[in-house]
Amino acid sequence: TPGGSTRCRSPGANGVLTMNGGTVSVGAQFGLGWSGGTGTALIKGGTLNLYQIHPTQSIQGSSGLDVSGTGEVIIQGNRMSDIDYYVANGFITSGGSSNVIYYLNDDNDTVITTVAPPTDITDITVGGGTVTVTYDTFAGQTYHLESTPSLAPPVWTTVPGSTTNATGSSVSFSFPGGSNAETYYRTVSP
């Protein structure tokens, strides 16, 4: 509801928003269980755009926001610390679990999703027959490296032993270098 507010205010009331696709934009303060009642937002597909979210009061009581499937929530601005609070307290989940993926996009907006965004390879070093690739990760995701000798057309193969369960920090993986003069690398999750 552009310019409207999404709140379940009456004690004892129950409200459920289920999205399977499309776009819903909330231009005013977003609230689930703000002044009583229980509000549940199930974002299974499509995009929920939020322009305002309170750091600690937008989701209260037994209310919750769950993002699953191809759903995503985009909140205007950097609201990472707010989402940290809601995830840590079980108000925001992903498919019912606490393994929630959220990050800042290129517009500095906060995105909650089920798919980790592409990660950057931050360094590649070659020496003594060994290649070391360092790349960024998102916590709770599984990554592996793939390589190809040519980009026209690329045939990617998994670098053996490169699978890692990420903690959100950078990962460095070293392995014997191949015999090709040029090799291209990328990170993949999953």
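Observations
- Hits in the stretch 109-121 - residues which are touching a residue at least 60 places away in the same chain (Cβ under 8 Å) and hydroxyl-bearing (Ser, Thr, Tyr): Thr119
- Pairs linking a residue in the stretch 122-151 that is touching a residue at least 60 places away in the same chain (Cβ under 8 Å) and farther than 12 Å from Gly178 by Cβ to a residue that is surrounded by 15 or more Cβ atoms within 10 Å (Cβ to Cβ) and among the β-branched types (Val, Ile, Thr), with Cβ atoms under 6 Å and 6 or more positions apart or on different chains, are Ile124/Val133.
- Taken together, the residues in the stretch 18-29 that are at pLDDT 95 or above and surrounded by fewer than 17 Cβ atoms within 10 Å (Cβ to Cβ) amount to 6.
- Check on Glu72, acidic (Asp, Glu), at pLDDT 90 or above and over 15 Å from the mean Cα position of the chain (by Cα): no
- Leu48 modelled with pLDDT of 95 or more and either within 20 Å of the chain's Cα centre (by Cα) or closer than 25 Å to Tyr143 by Cβ (or both): yes
- When residues in the stretch 86-100 are screened for being more than 11 Å from Val73 (Cβ to Cβ) and either touching a Phe, Trp or Tyr at 6+ places or on another chain (Cβ under 9 Å) or among the β-branched types (Val, Ile, Thr) (or both), 3 of them pass.
- Selection of strands (runs of 3 or more DSSP E) fully inside the stretch 30-121 by the criterion of at least 2 residues being open to solvent by 30 Å² or more (accessible area, probe 1.4 Å) returns 38-53, 72-75, 101-104.
The values are calculated or read from the model by the stated rules, or taken from the named source; none is laboratory data. Since we're looking at a predicted model, the values are computed, not measured. Every residue, glycine among them, receives a Cβ derived from its backbone with ideal geometry; neighbour counts consider all protein chains shown. Surface areas here come from the heavy atoms of the whole protein model, side chains and all, with no ligands, DNA or RNA. Shrake-Rupley method; radii C 1.70, N 1.55, O 1.52, S 1.80 Å.
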